[in-house]
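So the structure is just underneath, and the comments pick up after that.
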Protein chains: 2
Amino acid sequence: MVHAQELTKNQSLVLDVLSHTEGPLSAYSLLDQLRDKGFRAPLQVYRALDKLMEFGLVHRLESINSFVACTHSHDHKHGVIAFGICDTCGRVDEFCDAVVEERLKGWSKDHAFRLSKTTIEMRGTCANCLAA
Amino acid sequence: MVHAQELTKNQSLVLDVLSHTEGPLSAYSLLDQLRDKGFRAPLQVYRALDKLMEFGLVHRLESINSFVACTHSHDHKHGVIAFGICDTCGRVDEFCDAVVEERLKGWSKDHAFRLSKTTIEMRGTCANCLAA
DNA sequence: ATCATCAATGTAATAACATCACATCGACCT
DNA sequence: AGGTCGATGTGATGTTATTACATTGATGAT
């Protein structure tokens with residue numbers, strides 16, 4: 001696994017902002033927050049994000065075109081990740097479910113489909129927002 | 001359930017193109033294919049797609065910003081749908097898995113999360129493309 | 001030392017995806 | 001006729017992502 005000190009300057013800056021933010025951010029929000037650190041162009045953000053995702057430190061939320069810092073410990077490799085995304089407050093919960101993973105891998109096997117990436121995103125309203 | 005004759009002109013045109021196409025199309029591909037039917041602006045496509053998705057006749061593939069006609073029979077309501085998307089040929093397989101659905105609904109219940117929409121997309125390479 | 005290489009970076013331009021704002025039309029109802 | 005409502009037409013704009021090309025900086029080989 002990659003450690004923080006192995007990240008480049010831009011990667012560290014992007015991860016820093018994501019880690020200190022509750023909820024997901026779009027690439028352009030990240031860019032705005034990093035302008036005073038010298039960021040000028042979207043590509044600087046996208047390149048950093050690509051590497052961070054490769055390292056497993058950041059996840060992309062496909063259904064909202066945004067990015068979050070991974071909340072799992074980085075000591076072990078994890079499998080398929082599912083997200084619960086609150087459409088009201090933006091909160092994101094990340095979890096793994098071995099049964100779900102097994103079922104999806106089962107389908108892949110049955111259909112001779114070589115799986116490279118799985119996206120599971122649940123949109124809705126979180127407990128806090130329901131209570132409010 | 002909505003029947004074909006209840007669709008508006010634009011909705012029918014969009015569904016027609018999607019139904020006669022193998023694989024997903026982007027909104028702008030649809031627009032291009034519908035220019036000679038009088039389509040001029042993206043909004044005409046997006047509006048039709050919104051309705052068709054509401055009717056359950058079309059699905060949006062979040063991870064590739066594209067749309068496919070639903071391949072299920074329309075006689076019954078189906079639950080959570082998962083997609084297998086071949087990154088090589090674009091082929092899309094649509095399926096339901098009751099166990100997966102149950103697990104995800106279980107998580108939602110446990111976390112008092114009111115689920116409104118679930119996205120499951122598996123990216124990879126299909127059997128045909130692996131054989132080639 | 002100097003040269004080759006390769007990853008990371010900087011920058012501008014452009015492509016791809018999606019929505020807003022506002023006007024119009026047509027069906028239906030009263 | 002007048003009112004309402006969903007669908008439509010149209011231009012402008014907003015948002016997300018990539019292409020293309022130049023530069024920098026570290027590493028290793030000759």
Förster radius 30 Å - calculated FRET efficiency between residue A:32 and residue B:130 (Cβ-Cβ, nearest 0.05)
0.10
Are any of the pairs A:9/A:117; A:9/A:51; A:117/B:117; A:105/B:105; A:105/B:51 more than 23 Å apart by Cα-Cα distance, and if so, which?
A:9/A:117; A:105/B:51
Have a look at B:33, B:92, B:67 and report the one farthest towards the positive end of the charge dipole of the protein assembly as shown, computed about the Cα centre with Cβ charges (Lys/Arg +1, Asp/Glu -1).
B:33
Using a basic spin-label model with each label point 7 Å from the Cα along Cα→Cβ, how many nm lie between residue B:54 and residue B:98?
3.2
Which distances in nm, rounded to one decimal and ordered from shortest, link the label point of residue A:111 to the equivalent label points in the other identical copies, with labels set 7 Å from Cα toward Cβ?
2.5
Work out the mean other chain Cβ neighbour count within 10 Å for the residues of A:95-106 and drop it here as an integer.
4
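How well do other chains shield peptide B:48-60, expressed as the mean number of their Cβ atoms within 10 Å of each residue Cβ?
Working: counts 0, 0, 0, 0, 0, 0, 0, 0, 0, 0, 0, 0, 1.
Average neighbour count from other chains, rounded to a whole number: 0.
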Rounded tilt (10° steps) of A:98-110 against the dominant C-alpha axis of chain A:
70
Inter-chain shielding of B:108-119 (mean C-beta neighbours from other protein chains, 10 Å cut-off):
6
Only Lys, Arg (+1) and Asp, Glu (-1) charged, at Cβ; chain B dipole about Cα centre in debye:
420
Among B:120, B:44, B:58, whose Cα lies farthest out toward the positive end of the dipole of chain B, if unit charges sit on the beta carbon of Lys, Arg (+1) and Asp, Glu (-1)?
B:44
Using the per-residue mean of other Cβ atoms lying within 10 Å as a proxy for protection, in what order, highest first, do the peptides A:102-111, A:61-70 fall?
A:61-70, A:102-111
To the nearest 10 degrees, how steep is helix B:42-54 against the longest Cα principal axis of chain B, on a 0 to 90 scale?
40
Taking only the alpha carbons of chain A, the radius of gyration and the largest Cα-Cα distance, Dmax, both in angstrom, are 16.2, 51
Between 0 and 90°, nearest 10: helix B:9-19 axis offset from chain B longest Cα axis
60
Would you mind telling me the antiparallel percentage of the DSSP bridges in the protein assembly as shown, rounded to 5?
75
Rank B:112, B:27, B:41 by mean-square fluctuation in a GNM of chain B with C-alpha springs under 10 angstrom and give only the top-ranked residue.
B:112
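None of the figures in this text is laboratory data; all of them are computed from the coordinates on show. Predicted, not measured: the structure shown is a model, and the values here were computed from it. Quick reminder, even Gly has a Cβ in these numbers, built from the backbone with ideal geometry, and neighbours come from all protein chains shown.
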